[in-house]
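Let me begin by presenting the structure, written as structure tokens, before commenting on it.
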Amino acid sequence: MSYAIVGFGKIGQALARAFARKNIEVAVASRRSPEKLAPQAQAIGPTVVARSLRDALEADTIILAVPFEEHREVAKALPSWQGKTVIDAMNALVPLEELDGLLSSAFVAKAFTGARLVKGFNHLIAAKLAADPIVEGGHRVIFLSGDDEDATAPVAALAKQLGFAPVKLGKLNEGGALVHARGRTWGQLIFQDLFKKEQ
């Protein structure tokens, strides 16, 4: 399984640190050229590799960590997203009316035609996401939701590999609503910092 993070701001870099901590290779890309990203990527760790957007999108699993309004630009970079898993780590700080009345991930899914979309890694602030997820004998929780269980299961496995405790919340319209950030309305689990103790 190959991985890429698109967007290299605070959240993108925090996720890159999580991959580097476990020596898992991940491509990183943003609007900046790979040459401009390379020093930051190398400073995080040798498994974090700066790539052009097109090269990064060759990965099987792509984590979206761009500002919400830029997701359509990323979507246009591939003619088809068939066979790709897209992890939506973004938060839409726009009113619901601007999203055709949909939850943000359902709105994003429309742009990534053919992709299997999973909402995840969006409810922790960057500093928490970047920190070691093993705390006081427990693992920091990552909430996941998606309409395709075949896509959610490998994302849960990735979260576990990165040291987090994945908690599946069900489909986007159920679980997605619990971790949804938009305008002045917040899902009940957004920005909750929870731990799961080993059984």
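The values are calculated or read from the model by the stated rules, or taken from the named source; none is laboratory data. Just so it is clear, the model here is predicted, and its values are computed rather than measured. Note: ideal-geometry Cβ built from the backbone for every residue, glycine included; neighbour counts use all protein chains shown. Heads up: the accessible areas ignore ligands, DNA and RNA and are worked out on the full protein's heavy atoms, side chains in. Shrake-Rupley method; radii C 1.70, N 1.55, O 1.52, S 1.80 Å.
Computed from label points 7 Å out along Cα-Cβ, the spacing between Q161 and D193 is 2.7 nm.
Comparing I125, I87, I62 in a Gaussian network model of the chain where C-alpha atoms under 10 Å apart are linked, the largest mean-square fluctuation is found at I125.
Based on DSSP H segments of at least four residues, each scored -39500 (n - 2.57), the chain has a per-residue ellipticity at 222 nm of -8000 deg cm²/dmol.
Remark: the range 1-136 carries 46 Å² of accessible area per residue (probe radius 1.4 Å; ligands, DNA and RNA excluded). Amide H to amide H distances under 5 Å link A59 with no residue, where only residues 5 or more positions off or on other chains count and H is placed in the peptide plane. Of the solvent-accessible surface of the range 69-182, computed with a 1.4 Å probe and all protein chains present, 54% belongs to carbon and sulfur. For the range 1-62, carbon and sulfur atoms together expose 48% of the accessible surface, with a 1.4 angstrom probe and every protein chain in place.
For the pair A43 and V135, label points projected 7 Å from Cα toward Cβ lie 2.5 nm apart. When only alpha carbons are used to place a centre, the range 1-56 and the range 158-174 end up 22 Å from one another. When Rg and Dmax of the Cα atoms in Å is calculated for this entry, the matching label among (i) 17.9, 55; (ii) 15.6, 46; (iii) 17.3, 62 is (ii). Taking every C-alpha pair closer than 8 Å and separated by at least 6 residues, the mean separation divided by the residue count of the chain gives a relative contact order of 19 percent. For the chain, a Gaussian network of Cα nodes joined below 10 Å ranks G146, G138, G83 by mean-square fluctuation, and the top entry is G83. For the residue pairs K36/K160; K128/K171; K76/K168; K84/K168; K119/K160; K10/K197, the C-alpha atoms sit more than 23 angstrom apart in K36/K160; K128/K171; K76/K168; K10/K197.
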